[in-house]
Amino acid sequence: MRRYAGEGLNTKQLNIVLVEPQIPQNTGNIARTCAATGARLHLVGPLGFQIDDKKLKRAGLDYWHLLDITCYEGWQHFWEQNRQYQEQFFYFTTKGRSLYSGEHYPGLEQVYLLFGREDKGLPEELLYAHPERCVRLPMIEGARSLNLSNTVAIGAYEVLRQWEFPTLQRKGSLTKFNWEDA
């Protein structure tokens, strides 16, 4: 397990959980989002690719050293390791009845955002057992879904926004100029 830069500076922890991801490029993009935000990435197998897949690493590129990643054999393994946090699980699904932005995350020390396979989503049995924690992104009627990596980024940044972006840089700088001189 790798730890992210800035570990220990924040008592809140965002966890991104991918259940049986199938497309390495999506997972690589999500890994990059996790690395850049300090979120932990949980990969729940079986995966549709190998972790050393060239496409996965290319999408994450030079961010792998910043990534805190844990892999699980399957749902049962993940559940056994994390069930104490089940009240902080939010299941992202197009079938959800609540909006992701309507949830209140600031009071939680640990937040787990769970996402299913690109082709199937999360199992309906899991969703049915937790209707109050199933959230969705609004879309026009007839749109099947957004890309998984986009959905993860939107969900992650909503939690971080409500947490007021702890430990994240809020200002950038120019490489050729100084903002103060403008």
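Summary table
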item	result
Residue identified as of a type in the set (A, V, I, L, M, F, W, C) and within 15 Å of the chain's Cα centre (by Cα) among Leu108, Leu99, Leu113	Leu113
Test for Ile154: is it exposed (fewer than 10 other Cβ atoms within 10 Å of the Cβ) and modelled with pLDDT of 95 or more	no
Which listed residue, of Leu146, Leu168, is part of a loop (DSSP other than H, G, I, E, B), free of Cβ contacts under 8 Å to residues at least 12 places away in the same chain and either surrounded by 14 or more Cβ atoms within 10 Å (Cβ to Cβ) or not small (Gly, Ala, Ser) (or both)	Leu146
Number of the condition not met by Tyr105 [criteria: (1) outside any loop (DSSP other than H, G, I, E, B); (2) aromatic (Phe, Trp, Tyr); (3) surrounded by 18 or more Cβ atoms within 10 Å (Cβ to Cβ)]	(1)
Residue identified as buried (at least 19 other Cβ atoms within 10 Å of the Cβ) and at pLDDT 90 or above among Tyr112, Tyr128, Tyr85	Tyr112
Failed criterion for Asp68 (all others in (1) closer than 20 Å to Glu109 by Cα; (2) modelled with pLDDT of 95 or more; (3) more than 11 Å from the chain's Cα centre (by Cα) hold)	(2)
Scan of the stretch 25-55 for residues that are over 11 Å from the mean Cα position of the chain (by Cα) and either closer than 30 Å to Arg170 by Cβ or at pLDDT 90 or above (or both), ordered by number	Gln25, Asn26, Gly28, Ala36, Val44, Gly45, Pro46, Leu47, Gly48
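Okay, residues lined up against (1) closer than 26 Å to Gly28 by Cβ; (2) β-branched (Val, Ile, Thr); (3) in contact with a strand residue (DSSP E or B) (Cβ under 8 Å, 6 or more places away or on another chain):
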{"residue": "Glu118", "(1), (2), (3)": "yes, no, no"}
{"residue": "Arg133", "(1), (2), (3)": "no, no, yes"}
{"residue": "Leu137", "(1), (2), (3)": "yes, no, yes"}
{"residue": "Ala143", "(1), (2), (3)": "yes, no, no"}
{"residue": "Ser149", "(1), (2), (3)": "yes, no, no"}
{"residue": "Gln162", "(1), (2), (3)": "no, no, no"}
{"residue": "Leu168", "(1), (2), (3)": "yes, no, no"}
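The values are calculated or read from the model by the stated rules, or taken from the named source; none is laboratory data. In this text, all values refer to a predicted model and were calculated from it rather than measured experimentally. Every residue, glycine among them, receives a Cβ derived from its backbone with ideal geometry; neighbour counts consider all protein chains shown.
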